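The values are calculated or read from the model by the stated rules, or taken from the named source; none is laboratory data. This one's a predicted model, so the numbers in the text were calculated from it and none came from an experiment. Please note: Cβ atoms are built from the backbone with ideal geometry, for glycine as well, and neighbour counts cover all protein chains shown.
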Ligand SMILES: Cc1cc2nc3c(=O)[nH]c(=O)nc-3n(C[C@H](O)[C@H](O)[C@H](O)COP(=O)(O)OP(=O)(O)OC[C@H]3O[C@@H](n4cnc5c(N)ncnc54)[C@H](O)[C@@H]3O)c2cc1C
């Protein structure tokens, strides 16, 4: 890459003498900051809110502590890679505890099924649960497919700045038998829901497995089969809880970044990314202060970055490339309970009566589900520090449509809150939940929209709908503006903690490559 040592030294000196601006301190922004600083860049992070970590925020009330956003941590290998950039071990900065069973599922018919990490063990459990003699075997075959797809993702999709389907494949590989096998295994044109049901006939087990696509806020009926790969990513690496809560992850990333010299400016909203002659020249902060940066990583939602911070012909080009459908939003109840429910695991799903009815409502009609699935985090069993003695910091998340015109959640909330509590009483065995509530806070799609500056209240960036290219998101290296890089859940490879972290790493990696090759001017 470098022609000579003096040239390398000159380039690195130049890199070190100019700072990269990062818009936002969500997981993607933090991952970029750590990676860039580890590679010798000066970095300034501008964060509009008063806290670090974006959606991975914390709410504390009367001795209860809640993770406000993500609660399920998978693929710790991504964190390992980010900390590893500067030789730090994740184990030295986070105490990660493996959770197995990974989820407990409560179904409308009163049955309960635990999801275990080990595939053989899980297949036996499914055999006993379904009693049909085929679903257990089907689960093993499904996991084998999922593993193949995860390996394909690792080969073609992860750790590089893909922005279009064709960018995944190198022309010389296109006609190799192995590439054709890979294409067949991702089952183009087939949905997650259809794939799952062709392997696992039991309706309850397939409903449970459908929910891997809820990690990316998309309907399994509209998402491409390659997203079945998430099942292996979870079975392969496990589900983890950082003691102290998920918010320990952004806290550890920030502490690490600061050690490497990154500067954080909280309460500083970026209102404009300056572009001169097709290249980034700086950012404008609220109040009008201009900061010069030859390169900027935006961790703001990728669509809003273009619409709000750039505008004009560049935004029109970005918008014209494809339709950007927001992923789902959600209603979250943070309930401080006097007494914990012993029958709950750490992670639980209380499933809807009918997945098709639920997904049609949320994703096609844009209405709250008549009988929703509720996800519950009950962390006190793992981490008693989250609640007063014997209590629970119960987190209840119900997916809801992204914000549509005319939807006023102030009006919709009271009825929907009751619908959720009734569901927990009926299907989750929590009949006396209302009597146990000591503290309560609620986050609606409108709150999510306002707090995190996302697209139409979307929790997980852009939907993965489209049976051919639904998994493809905007590239981490802008094709429209030199020196602009995108990180976070609405950029490649997508949402969820591991993917948002990976997107930050990719944005930093291509930025660094471009800087050392002189393709962007860091000055
Ligand atoms: C309720 C909920 C539950 C979830 N559950 C899970 C889960 O269990 N597991 C999982 O893996 N994922 C989960 N997710 C998704 C996960 O939280 C996100 O995918 C991930 O945290 C997104 O990170 P990000 O890098 O996109 O940044 P974000 O978290 O979106 O943060 C972006 C940051 O940029 C700042 N910003 C935006 N615009 C500007 C600006 N103009 N100037 C300055 N700052 C700006 C914002 O204030 C924010 O702090 C959940 C999300 C939510 C909301």
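When the criteria are applied in full, residue 522 meets the requirement of being more than 10 Å from the ligand (Cβ to nearest atom), surrounded by fewer than 24 Cβ atoms within 10 Å (Cβ to Cβ), more than 30 Å from residue 103 (Cβ to Cβ) and outside the structural domain of residue 269 (by TED's automatic domain parsing).
Conditions tested, residue by residue: (1) buried (at least 21 other Cβ atoms within 10 Å of the Cβ); (2) out of contact with any helix residue (DSSP H, G or I) (no Cβ under 8 Å at 6 or more places or on another chain); (3) in the same structural domain as residue 207 (by TED's automatic domain parsing); (4) touching a residue at least 60 places away in the same chain (Cβ under 8 Å).
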residue	(1), (2), (3), (4)
259	no, yes, no, no
263	no, yes, no, yes
273	yes, no, no, yes
287	no, yes, no, no
331	yes, no, no, yes
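Figure legend. Inter-residue proximity from region 422-448: first residues free of Cβ contacts under 8 Å to residues at least 40 places away in the same chain and over 27 Å from residue 110 (Cα atoms), second residues within 16 Å of the ligand (Cβ to nearest atom) and outside any helix (DSSP H, G or I), beta-carbon distance below 9 Å, spacing 6+ or different chains. Indicated pairs: 447/332; 447/457.
So that you can scan it fast, the table gives a plain yes or no per residue for (1) within 15 Å of the ligand (Cβ to nearest atom); (2) on the phi < 0 side of the Ramachandran plot; (3) in a loop (DSSP other than H, G, I, E, B):
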site: 457; (1), (2), (3): yes, no, yes
site: 465; (1), (2), (3): no, yes, yes
site: 469; (1), (2), (3): no, yes, yes
site: 474; (1), (2), (3): yes, yes, yes
site: 488; (1), (2), (3): yes, no, yes
site: 493; (1), (2), (3): yes, yes, yes
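Of the residues making up region 265-280, those that are away from the ligand (no atom under 11 Å from the Cβ) and assigned to a strand (DSSP E or B) are 274, 275, 276, 279, 280. Within the set 386, 350, the sole residue that is surrounded by 23 or more Cβ atoms within 10 Å (Cβ to Cβ), within 16 Å of the ligand (Cβ to nearest atom) and under 20 Å from residue 207 (Cα atoms) turns out to be 350. One residue stands out in region 289-304 among those that are within 14 Å of the ligand (Cβ to nearest atom) and over 26 Å from the mean Cα position of the chain (by Cα): the one that is surrounded by the fewest Cβ atoms within 10 Å (Cβ to Cβ), namely 289.
Restricting attention to region 442-455, which residues are in a loop (DSSP other than H, G, I, E, B), surrounded by 22 or more Cβ atoms within 10 Å (Cβ to Cβ) and out of contact with any helix residue (DSSP H, G or I) (no Cβ under 6 Å at 6 or more places or on another chain)? Hit for region 442-455 is 454, nothing else.
Taken together, 303, 284 contain a single residue that is within 25 Å of residue 14 (Cα to Cα), touching a strand residue (DSSP E or B) at 6+ places or on another chain (Cβ under 8 Å) and outside any loop (DSSP other than H, G, I, E, B), which is 284. In summary, helices (runs of 4 or more DSSP H) completely within region 57-140 and bearing 2 or more residues that are within 16 Å of the ligand (Cβ to nearest atom) and in contact (Cβ under 8 Å) with a residue 40 or more places away in the chain occur at 76-84. Would you confirm whether or not region 353-372 contains a residue that is in contact with a helix residue (DSSP H, G or I) (Cβ under 6 Å, 6 or more places away or on another chain), touching a residue at least 40 places away in the same chain (Cβ under 8 Å), in a strand (DSSP E or B) and within 23 Å of residue 444 (Cβ to Cβ)? Scanning region 353-372 turns up no residue that is in contact with a helix residue (DSSP H, G or I) (Cβ under 6 Å, 6 or more places away or on another chain), touching a residue at least 40 places away in the same chain (Cβ under 8 Å), in a strand (DSSP E or B) and within 23 Å of residue 444 (Cβ to Cβ). If only residues of region 97-113 that are crowded, with 17+ Cβ neighbours inside 10 Å and touching a strand residue (DSSP E or B) at 6+ places or on another chain (Cβ under 6 Å) are counted, the one that is farthest from residue 210 (Cα to Cα) is 99. Considered as a group, the residues in region 37-53 that are surrounded by fewer than 20 Cβ atoms within 10 Å (Cβ to Cβ) and either assigned to a strand (DSSP E or B) or within 7 Å of the ligand (Cβ to nearest atom) (or both) include one that is farthest from the chain's Cα centre (by Cα), and that residue is 42.
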